[in-house]
Amino acid sequence: AKDCNIWGGCAGGIIGSVMLAQMAARNERLVHSFTLNVTILYMPMDSQMGIMATEGLLNKARKHTAKKGVLDGKEMSRMFAWLRPNDLVWSYWVNNYLLGNKPPAFDILYWNCDNTRLTSRFHTELMDIVANKWLAHPGEFESGGIPIDLKKVDCDVFAMAGDTDHITPWKNCYESTMFFGGKCEFVLSNSGHIQAMINPPGNKKSLYFTNPARVASPEEWLAGAKPNQGSWWDRWIVWLTERSGDLVAAPTALGNASHKAMDPAPGTYVLEP
């Protein structure tokens, strides 16, 4: 395809943003639109994550991953869990260990356990990007020898955040969208970091807020926002369809002459110890 619509969630949103800035600097028009989910492009110091992001702790984390070569996905999961210990640690300790009850079936929590490792260098650079607010200041750092300037990213952006997200607070997600140079639509969904994203239509408890105005203050944006019953997916599908080509028939087989099919999803990494 001559261009495509891409999606990035959380850390993937940071990676996608840097990639788009590189492409913009090279005048490569390969991405038609960018969907950004629960992503902050800088570390808010008044947030739960920001309180932990002291220079001493960051240096300790850098040395820890440098020694091992990777940040294990289980370590990252534990860190996020201890940001909300009552909900994500002690409630399970009481129910499962003290009371001896069988853990309740919870598909999203099961999905959350499917983590992956980060290389030491990538983990360190990711921390530096958000802690030093590099993406908020054009040209503050380089990637691949290219000064990164998100104001040069002029493709349309669709951004979504969760109103109870403790990892990427929605107000900071909103402020992060101001770094881009193109048009941006922001949607606020109910629920937290994972449930806000994985929120298919049909859930009667789902609610999301929309406001086409692009004001600097997230509080002002919310004050003028309209509540909508249902999943934010409904609005996103309309937005994405307006920026997509005609429907084509789905392929009947995996791969093609240039790209042979490999292993069945989700891949062989799940078999690694």
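List the number of the failed condition for Tyr110; all other conditions in (1) over 18 Å from the mean Cα position of the chain (by Cα); (2) at pLDDT 85 or above hold.
Among (1) over 18 Å from the mean Cα position of the chain (by Cα); (2) at pLDDT 85 or above, Tyr110 violates only (2).
Might you check whether a residue that is surrounded by 14 or more Cβ atoms within 10 Å (Cβ to Cβ), touching a His at 6+ places or on another chain (Cβ under 8 Å) and more than 20 Å from Phe34 (Cα to Cα) occurs anywhere in the range 111-130?
No, there is no match, as no residue in the range 111-130 is surrounded by 14 or more Cβ atoms within 10 Å (Cβ to Cβ), touching a His at 6+ places or on another chain (Cβ under 8 Å) and more than 20 Å from Phe34 (Cα to Cα).
If you scan the range 196-242, which residues turn out to be under 19 Å from the mean Cα position of the chain (by Cα) and part of a loop (DSSP other than H, G, I, E, B)?
Ala196, Met197, Ile198, Asn199, Pro200, Ser231
Of the conditions (1) assigned by TED's automatic domain parsing to the domain that holds Lys183; (2) free of Cβ contacts under 8 Å to residues at least 12 places away in the same chain; (3) in a helix (DSSP H, G or I), Glu125 satisfies every one except a single condition; which number is it?
(1)
Quick one: in the range 157-177, which of the residues that are assigned to a helix (DSSP H, G or I) and in contact with a Pro (Cβ under 9 Å, 6 or more places away or on another chain) is surrounded by the fewest Cβ atoms within 10 Å (Cβ to Cβ)?
Glu175
What tally of residues in the range 8-33 results from selecting those that are among the acidic types (Asp, Glu) and under 17 Å from Phe158 (Cα atoms)?
Number of matching residues: 0.
Identify, from the list Thr39, Thr65, the residue that is within 20 Å of Trp134 (Cα to Cα) and touching a residue at least 40 places away in the same chain (Cβ under 8 Å).
Within the list Thr39, Thr65, the selection yields Thr39.
The values are calculated or read from the model by the stated rules, or taken from the named source; none is laboratory data. These figures come from a predicted structure and were not determined experimentally. So basically every Cβ, Gly included, is an ideal-geometry build from the backbone, and we count neighbours across all protein chains shown.
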